[in-house]
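Student: Mind looking over this structure? Questions follow.
The values are calculated or read from the model by the stated rules, or taken from the named source; none is laboratory data. All values reported here derive from a predicted model rather than from experimental measurement. So basically every Cβ, Gly included, is an ideal-geometry build from the backbone, and we count neighbours across all protein chains shown.
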Amino acid sequence: MLHIILAESPLELIPKSILKHKVIRKYAKKRGKKPEECLLDSNFHHVAMKSLEDFNRRGRPDIVHVTLLYLLSSIPNKEDKLRVYVHTLNDEVIFIEPGTRLPRSYNRFIGLIEQVMVEGKTPNNLLFKEDIDIKELISRINPDCIILMDEKGENDLKFLISALKKANPCIIIGAFPHGKFKKSYEFADKRISLYREALDTLAVAGKVLCLYESVL
């Protein structure tokens with residue numbers, strides 16, 4: 001069973017510090033929601049976000065959306081050989097039950113994640129959230145090998161393939177748009193790079209999954 005963690009994902013409800021910003025209030029009113037129940041999204045909140053720390057790493061639910069659509073529609077997932085988790089920078093983890101079919105519509109996806117972030121789960125419990133850090137998640141998975149996909153790591157596909165052949169490997173992929181990992185991943189067995197430059201989350205997930213399919 002392959003476990004993929006989308007780490008430090010830019011999913012969060014709108015922070016308290018910008019709830020009263022006119023851009024936020026207008027957006028919430030248009031959607032018929034309270035500002036504090038809306039997901040931060042740089043597509044709509046860029047002006048208000050400029051006062052936030054690390055604003056260029058935040059408010060990108062689209063990265064998570066496209067990557068999850070790819071992973072959950074993959075052959076390993078259909079064969080029940082894949083588990084996917086979304087870890088946020090605020091140390092929350094969204095668990096996704098096998099067989100979950102996410103909305104392809106971005107707006108519907110946003111609504112679904114907002115429900116999870118506010119209520120802790122969806123009505124059918126296919127997605128649910130827990131306030132745990134990535135170390136606790138790793139402890140629960142109890143993998144036999146942990147690989148951190150990092151542009152500063154070693155270009156060692158041989159090691160990655162050997163890890164994917166194990167019974168219970170775990171691959172950690174950063175899901176943020178810019179910069180380096182903020183958390184410490186000293187527990188990883190190895191940091192591996194696929195290319196000399198940073199790649200999009202979807203590109204990394206795609207390469208890992210292709211390699212995994214080749215060893216199944």
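Student: Only one residue in Glu213, Glu197 is outside any strand (DSSP E or B), surrounded by fewer than 17 Cβ atoms within 10 Å (Cβ to Cβ), charged (D, E, K, R) and modelled with pLDDT under 95. Which one?
Tutor: Values: Glu213 fails: modelled with pLDDT under 95.
Being outside any strand (DSSP E or B), surrounded by fewer than 17 Cβ atoms within 10 Å (Cβ to Cβ), charged (D, E, K, R) and modelled with pLDDT under 95 holds for just one of Glu213, Glu197, which is Glu197.
Student: Follow-up question, since we're still on this one. I'd like to check something: does segment 149-167 contain any residue that is in a strand (DSSP E or B), assigned by TED's automatic domain parsing to the domain that holds Ser193, touching a Cys at 6+ places or on another chain (Cβ under 6 Å) and farther than 26 Å from Ile14 by Cα? Steps first, please.
Tutor: The initial filter retains those residues of segment 149-167 that are in a strand (DSSP E or B), namely 149-154.
With the extra rule that they be assigned by TED's automatic domain parsing to the domain that holds Ser193, the set shrinks to 149-154.
Then keep just the ones that are touching a Cys at 6+ places or on another chain (Cβ under 6 Å); that gives none.
No.
Student: Moving on. Which count do you get for residues in segment 75-88 that are crowded, with 19+ Cβ neighbours inside 10 Å and either in contact with a Gly (Cβ under 9 Å, 6 or more places away or on another chain) or at pLDDT below 95 (or both)?
Tutor: The initial filter retains those residues of segment 75-88 that are crowded, with 19+ Cβ neighbours inside 10 Å, namely 77, 82-88.
Filter once more, keeping what is either in contact with a Gly (Cβ under 9 Å, 6 or more places away or on another chain) or at pLDDT below 95 (or both): 77.
Going through segment 75-88 one residue at a time, the tally reaches 1.
Student: If we keep just the residues of segment 23-51 that are among the charged types (D, E, K, R) and free of Cβ contacts under 8 Å to residues at least 12 places away in the same chain, which is nearest to Asn90 (Cα to Cα)? It would help to see each step written out before you state the result.
Tutor: The first filter runs over segment 23-51 and keeps only residues among the charged types (D, E, K, R), leaving 25-26, 29-31, 33-34, 36-37, 41, 50.
Add one more test, that the residue is free of Cβ contacts under 8 Å to residues at least 12 places away in the same chain, and what stays is 25-26, 29-31, 34, 50.
Working: Arg25: 23, Lys26: 26, Lys29: 26, Lys30: 27, Arg31: 25, Lys34: 21, Lys50: 19 Å.
Among those that are among the charged types (D, E, K, R) and free of Cβ contacts under 8 Å to residues at least 12 places away in the same chain, it is Lys50.
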